[in-house]
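**Q** The structure under discussion is supplied below as structure tokens; questions concerning it will follow.
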Amino acid sequence: MDIGITLTDVPTTKPASEQFDDIRRLVDAAQRAGITYIALGQHFLYGDLRWLQPIPLLARLAADVEPNVKLVTNILIGPMYHPVMLAEEIATLDIVSEGRYVFGVGIGYRPEEFVSFGINPKERGARLDEMLQLLPMLWTQDRVTFDGRFWKLDDVTPHLRPVQQPHPPIWVGGVAMAGAKRAGRLGDGYITNPEAEESDIKERLLAVQEGFAERGRPMIAQPLRRNFMFGADLDDASERYARVSQARYQAYAARGLDVYDENALTAEFARTAQAHALLGTPKDVADQLIGLAARFPVDPVMLRPQWPTMPVEEAIALVEILGREVVPAVKDVVPVSHVVVDA
């Protein structure tokens, strides 16, 4: 089992150059810890928080990371892009990263982002479906004709192909079941949201498995996102986790990520977090990862070591513990090949 990390957004009060320096420090620590995937999300016009845009940032990080480290957009908001532009951007990123890029994409959830781009947010799912049909054509065919609802191409000649053949892995993200079904129909992997409980993971991966079967594809290990925190025991880890994350859960809800009700994010936050986050001692966390691999075909597991208000030193300390006590405990774990239905 491989372990990856997901980078974070930060308050705009932090200078962007300092944010970039912190990212490089964290990525360097992750490499030393045996982390093999580095992932970055995306938002636009995000107010008091800032994301550095993933395509140029990952291209820059490609010069810093070792050949065994993969770079992931987790996730890129696909419906914001024209597929021709995105196909060439992704092909270029795969070239400059020497074939180490994983294309993680989703529909997004903030209506105001789509409105600012002049896109109807109600069409984002249909736009992504069409895009996921067209992108592989632009990456693999000498000439492309496409007659879609949103985009039409008449015998165009692509001039950029990615290093990976036939193209970089396509991981489709999504909170709702629609995302899992889209991954089964059109992708190579499904990115669960980190708040998904085990019953949700099971339901979603069964949908992916079914979609693969309909395409005549074998089920392969799927990426899994998890939040985590170490502590002296479960209660200590839960308290530490609430300190850094509770306000962010509430902020994400206010921005339109409809995952939990208000009570779950206030009075019942500890119980809510314990239902999905990996919490406890490093051994506890390693055991939970091993248990997940025994029930679900999951690999890699993408962990979030940092939240917006956390100093980078605190995140680096968590990554160093991962490297000492968790990565060695799970590196030889082979996940099951199919969802264990009676789990």
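**Q** Here's a check for you: in the range 268-283, which residue that is of a type in the set (Gly, Ala, Ser) and surrounded by fewer than 18 Cβ atoms within 10 Å (Cβ to Cβ) is farthest from residue 249 (Cα to Cα)?
**A** Among them, the one singled out is 275.
**Q** Residue check, residue 26 against (1) surrounded by fewer than 17 Cβ atoms within 10 Å (Cβ to Cβ); (2) closer than 28 Å to residue 292 by Cβ, all met but one. Which one?
**A** (1)
**Q** Restricting to the range 168-190, count the residues that are in contact (Cβ under 8 Å) with a residue 40 or more places away in the chain and assigned to a loop (DSSP other than H, G, I, E, B).
**A** Here the count works out to 5.
**Q** Right, something else. Filter the range 225-251 down to the residues that are of a type in the set (A, V, I, L, M) and under 16 Å from residue 309 (Cα atoms) and list them by number. Give the derivation first.
**A** So in the range 225-251, the residues of a type in the set (A, V, I, L, M) come out as 229, 232, 234, 237, 242, 244, 247, 251.
Matches in the range 225-251: 229, 242, 244, 247, 251.
**Q** Continuing with the same structure: Does any residue of the range 174-187 turn out to be over 28 Å from residue 306 (Cα atoms), surrounded by fewer than 19 Cβ atoms within 10 Å (Cβ to Cβ) and touching a Pro at 6+ places or on another chain (Cβ under 7 Å)?
**A** No - not one qualifying residue is present in the range 174-187.
So that you can scan it fast, the table gives a plain yes or no per residue for (1) within 12 Å of residue 273 (Cα to Cα); (2) under 19 Å from the mean Cα position of the chain (by Cα):
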position	(1), (2)
200	no, yes
210	no, no
217	no, no
220	no, yes
223	no, yes
234	yes, no
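**Q** Here's a follow-up. Of the numbered conditions (1) farther than 20 Å from residue 193 by Cα; (2) surrounded by 15 or more Cβ atoms within 10 Å (Cβ to Cβ); (3) free of Cβ contacts under 8 Å to residues at least 40 places away in the same chain, residue 40 satisfies every one except a single condition; which is it?
**A** For residue 40, the failing item is (1).
**Q** So residue 129 ticks every box in (1) touching a residue at least 12 places away in the same chain (Cβ under 8 Å); (2) touching a strand residue (DSSP E or B) at 6+ places or on another chain (Cβ under 7 Å) but one. Which box is left unticked?
**A** With (1) touching a residue at least 12 places away in the same chain (Cβ under 8 Å); (2) touching a strand residue (DSSP E or B) at 6+ places or on another chain (Cβ under 7 Å) applied to residue 129, the lone miss is (2).
**Q** List the residue pairs whose Cβ atoms are under 6 Å apart, where the first residue sits in the range 280-306 and is among the polar types (S, T, N, Q), the second is surrounded by 22 or more Cβ atoms within 10 Å (Cβ to Cβ), and the two are 6 or more positions apart or on different chains.
**A** Taking only residues 6 or more apart or on different chains, the pairs are 288/278; 306/8; 306/315.
**Q** Tally time: how many residues in the range 68-121 are crowded, with 20+ Cβ neighbours inside 10 Å and free of Cβ contacts under 8 Å to residues at least 12 places away in the same chain?
**A** 0
**Q** Among the listed residues 311, 297, 305, 335, identify the single one that is touching a His at 6+ places or on another chain (Cβ under 7 Å) and either modelled with pLDDT of 80 or more or not hydroxyl-bearing (Ser, Thr, Tyr) (or both).
**A** Just a single option satisfies the conditions, and that option is 297.
**Q** State whether one or more residues within the range 26-49 are of a type in the set (Ser, Thr, Tyr) and at pLDDT 95 or above.
**A** Checked against the condition, which is being of a type in the set (Ser, Thr, Tyr) and at pLDDT 95 or above, the range 26-49 yields at least one hit.
**Q** Still on this model: Could you tell me how many of the residues in the range 286-315 are touching an Asp or Glu at 6+ places or on another chain (Cβ under 6 Å) and part of a loop (DSSP other than H, G, I, E, B)?
**A** Here the count works out to 1.
The values are calculated or read from the model by the stated rules, or taken from the named source; none is laboratory data. Note that the structure is predicted; figures quoted are calculated from it, not measured. All Cβ positions, glycine included, derive from the backbone under ideal geometry; neighbour counts span all protein chains shown.
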